[in-house]
Each structure stands twice: as C-alpha cells, then as structure tokens.
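The structure appears below as structure tokens.
The values are calculated or read from the model by the stated rules, or taken from the named source; none is laboratory data. What you see is a predicted model; the values in this text were computed from it and never measured. Here the Cβ positions follow ideal geometry from the backbone for every residue, glycine too, while neighbour counts run over all protein chains shown. The accessibility values were calculated without ligands, DNA or RNA, using every heavy atom of the protein model including side chains. Shrake-Rupley method; radii C 1.70, N 1.55, O 1.52, S 1.80 Å.
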Amino acid sequence: MHLHALDTYRPGDSPVHRLDPRVKLVLTVLFILTAALMPDRAWLAFGVLEGLILGAILASRVGFGLVQKRSALALPFLLAALTVVFARPVPHPTPGGYAVPPSSLLTDGQEQRGGWDWGEGQALGQGQALGQEQALGQGQALGQGQALGQGQALGQGQALGQGQALGQGQALPLPGTPWSISEAGVWRFLSIAARSYLSVQAAVLLAATTPFPDLLWGMRALKVPRILVAVGGFLYRYLFVLADEARRMMQAREARSAVPEGRRGGRSVSWRARVTGAMAGTLFLRAYERSERIWAAMVARGYDGEVRVLSPPALRPTDWRAGIGGALVLIVILIATYGVFK
C-alpha cells in the first residue's frame, strides 16, 4: 500500500528535478546555514533569500501553494521562541528610576566596590564631579573635566537626562505582571521567524523534487555517517508500515461495529478512551512483529546498512555550474549583509 499523504515527492521534469541529489543537498544546507547566520533585522537579506527560494519553486513547477502549505505546518513550533519578546526589569531601580544594580551607584567621595568590573586602567579623571544618585554602566569611564548632573546616568556611552529610561529600545509593560514586551525582543522574534520559515521552505522544496532513495545515496556520497543514513531511511519507510497497520485495524473495527439506525455509535468518553488505548497497544505489537519480518527479509537479501545503487551518476556540467553558482551567490549575500551591519 502507498500512502500519498506521507510521500512528499512530486514527480516532474523541471531543471530542479534534474539536478543531481548531491548538488541539491549541498545547496539546501548552504541556504539554511546562510539564513541561520543572518543578523537580526537584516530584512533586505531575508527578502533576497526569499526571492531565491521563490525562484527555485517556480523553476521546479511543484506549485507555490504546495510548498507554502507544507511550510506553514512548522509555524506552531515558533511558539517556543516567543519568550524572547518578554523582558523583566532589574529588581533594584535607583531613586531616579534607572534600572541599574545598587553597586553601580556612586556618590560624592564613594568608590566602586565589587559588583561590576571596571577593567584595568579605567578610572575617574582629575576634576570630575559626580552628584548624588549618579550611575555608570559596566566598563564605562568619564574623561577629564566631565561632570554629570544629579539623577543622570551613563549607559552604553550615552548620557541620559533625568527621568530617561536606561536600556535598549522601548518596552510595553504588561498590566498586573512584572514583565514587559521589549521592542528588541519583538525584532528578535521576527528575525527568528524569518530564518525558520526560509529554512523550512528550502527543506520542503528539496523533499518535493528529490525521491527519498536518491536523498539516501546522495547523503552517503557526501560522506554522511552510515548509521545516520540508515536510521533516517528506516524512520521514513516504517512510517508507511505503521500507517498501513493502522488503516487495517480501522477497517476491521468498522466492519465489526454495527450501529442501529437512528442511534449514535459508541458510549461514554471513558469507554472510548479504553478502546483507543487498546487499539494503540495492538497497533504497536502488530507493527513491531511486521517490522521484525521485514528486517529478517532484508538481512536474508544481504542488507548490511549500506545504501547501494547500481551505477552512481557522475556530476554533469550543469550540476557543477548550478552548485558553484548557487554557493557563490549565498556567500556573497552573507558577506555583503555583514559588511552593511558592521
């Protein structure tokens, strides 16, 4: 039996389908690494990468909607990164309202003791005056003749007037909680979402244009450890075995379950839970027994964990051009992005 819902490959004769599996694997990994290494708020670079993946989708002719629909299945996992948008203020604000540790507060005649590391050679120059409730950030120094007024604070090399907030970006307090939604955290979350969605689209396109056996021997040709390739192959193939056993059990249950006309089938929720648990246990046992029979048949035919093909094809000039050209484009995008954000 073949379950099309589990088979992500879509046959075709597009340029992307005809590319060597090794080239597609390398380009996909490079694309994912490029997206992962992009700095936060690199929206132009994210847009360029999205344009590249959309161009590849159009060239593959697998359907824009198919790739986007499958990629959207990974969006709920982004909830794990949602915590980066929340921030909690430092529990020791100064009287002027600055969220800095108490050890960083200096008054007239006081010196820094413990708390933050000022670093070697950092000191207050001659003739500097510090008023009451003034604060210096970590590793910051005041030059000769500089003075701060009462209630002012220095953070990240900038002077803040009285009543100004110390910290990166702005924050939106959550009523009734000590937490707030920080502007920097929101940008961080959006950047993580962009990286993740780009990576998922590349993986979906690879699976839609490359048969799974070709992916296996392509990974072995790229010297991926044999045990990892074998585990991935068995995981994929035994999904069909498990689904086949589940389908047979459901058919048998429906054939033996007569529901009188005008009445609702089944009983209470607890009864349904017991039946479902019993079916899950039976499904595990049947799938395990069947997998043992499949393994014995594979060993009898000489399987030793190695993925073998009759004649691995050589890379064509088109494959070389696509691989080298795609890798250079991704490297140039990464270098140019870091050059702009430097």
Check whether at least one residue in segment 300-318 is assigned to a helix (DSSP H, G or I), open to solvent by less than 90 Å² (accessible area, probe 1.4 Å), in contact (Cβ under 8 Å) with a residue 12 or more places away in the chain and within 22 Å of T34 (Cβ to Cβ), and report yes or no. no
Of the candidates A243, A252, A230, A194, the one satisfying the condition of being touching a Phe, Trp or Tyr at 6+ places or on another chain (Cβ under 6 Å) and either loosely packed, with under 15 Cβ neighbours inside 10 Å or in a helix (DSSP H, G or I) (or both) is A194
Residue list for segment 48-72, filter: of a type in the set (G, A, S), part of a helix (DSSP H, G or I) and out of contact with any Pro (no Cβ under 9 Å at 6 or more places or on another chain): G51, G55, A56, G65, S71, A72
When you scan segment 174-181, do you find a residue that is closer than 28 Å to L330 by Cβ, out of contact with any strand residue (DSSP E or B) (no Cβ under 7 Å at 6 or more places or on another chain) and not basic (K, R), even just one? no
Subset of segment 197-211, residues open to solvent by less than 20 Å² (accessible area, probe 1.4 Å) and among the hydroxyl-bearing types (S, T, Y), comes to T209, T210
From (1) open to solvent by less than 90 Å² (accessible area, probe 1.4 Å); (2) under 22 Å from K223 (Cβ atoms), pick out the condition that doesn't hold for I294. (2)
Count of residues meeting criterion [open to solvent by 40 Å² or more (accessible area, probe 1.4 Å) and either of a type in the set (K, R) or not in a helix (DSSP H, G or I) (or both)] in segment 73-86: 2
Those residues of segment 212-227 that are over 23 Å from R293 (Cβ atoms), out of contact with any Asp or Glu (no Cβ under 9 Å at 6 or more places or on another chain) and either among the hydroxyl-bearing types (S, T, Y) or open to solvent by 90 Å² or more (accessible area, probe 1.4 Å) (or both) come to a total of 1
Does L283 qualify as being touching a helix residue (DSSP H, G or I) at 6+ places or on another chain (Cβ under 7 Å) and over 21 Å from K223 (Cβ atoms)? yes
State which residue is nearest to the chain's Cα centre (by Cα) when the search covers only segment 11-22 and only residues that are closer than 10 Å to T210 by Cβ and either among the β-branched types (V, I, T) or assigned to a loop (DSSP other than H, G, I, E, B) (or both). V16
Can you tell me which residue among R41, R70 is surrounded by 15 or more Cβ atoms within 10 Å (Cβ to Cβ), over 26 Å from A336 (Cβ atoms) and of a type in the set (K, R)? R70
